[in-house]
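Colleague: My structure is below; once you've seen it, I'll send some questions.
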Amino acid sequence: IVVICSSPLVKCFHEEEAPLRVVRFNGPTVGKRFYGCAHWPRTCGFFKWAEEVDEIVELQQKMFEKDVTIAELQMENDMLKRTNERLEDDVADLAIEKH
């Protein structure tokens, strides 16, 4: 097993960063990436395939992007409401001046 890097998003049951590792033993999973306990070989039993984490991170990124879009649209909506109110006031003022 070789440690590739750590990810602050993945923590073992010790609440410590779980290093990203690669299976080096011959077998059907050789070369696969996984997160394991930070205290290997004395582990807490934490194990997660990296592709599962990658999917979660991708979904979190999509959610973040949608949240940003929603916030931007809310700001634009507020700005348009204020513009609309100003225009309504201008129309009301013009109506008063006309009479």
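The values are calculated or read from the model by the stated rules, or taken from the named source; none is laboratory data. Only a predicted model underlies this, so the values are computations on that prediction, with no experimental measurement involved. Reconstructed Cβ throughout: ideal geometry from the backbone, glycine too, with neighbour counts over all protein chains shown. Note: accessible area is taken over every heavy atom of the protein model, side chains too, but ligands, DNA and RNA are not part of it. Shrake-Rupley method; radii C 1.70, N 1.55, O 1.52, S 1.80 Å.
Colleague: Within the bounds of the stretch 8-17, is there any residue that is in contact with a Ser or Thr (Cβ under 6 Å, 6 or more places away or on another chain) and either in a loop (DSSP other than H, G, I, E, B) or at pLDDT 85 or above (or both)? Break it down stepwise before answering.
Modeller: Taking the stretch 8-17 as the starting set, the residues that turn out to be in contact with a Ser or Thr (Cβ under 6 Å, 6 or more places away or on another chain) are 17.
Now drop any that are not either in a loop (DSSP other than H, G, I, E, B) or at pLDDT 85 or above (or both), which leaves 17.
Looking for residues that are in contact with a Ser or Thr (Cβ under 6 Å, 6 or more places away or on another chain) and either in a loop (DSSP other than H, G, I, E, B) or at pLDDT 85 or above (or both), one finds at least one in the stretch 8-17, hence yes.
Colleague: Here's another thing I want to ask about it. R42 - would you say it is at pLDDT below 90 and touching a helix residue (DSSP H, G or I) at 6+ places or on another chain (Cβ under 9 Å)? Let's see the steps before the verdict.
Modeller: Values: at pLDDT below 90: yes; touching a helix residue (DSSP H, G or I) at 6+ places or on another chain (Cβ under 9 Å): no.
The answer is no for R42.
Colleague: For a quick check of your reading of the model, give me the residue pairs whose first member lies in the stretch 50-64 and is closer than 15 Å to A18 by Cβ, whose second is of a type in the set (D, E, K, R), with beta-carbon atoms closer than 6 Å and at least 6 apart or on different chains.
Modeller: A50/R33
Colleague: Within the stretch 63-81, which residues are open to solvent by 100 Å² or more (accessible area, probe 1.4 Å) and closer than 22 Å to V10 by Cα?
Modeller: Selection gives M63, F64.
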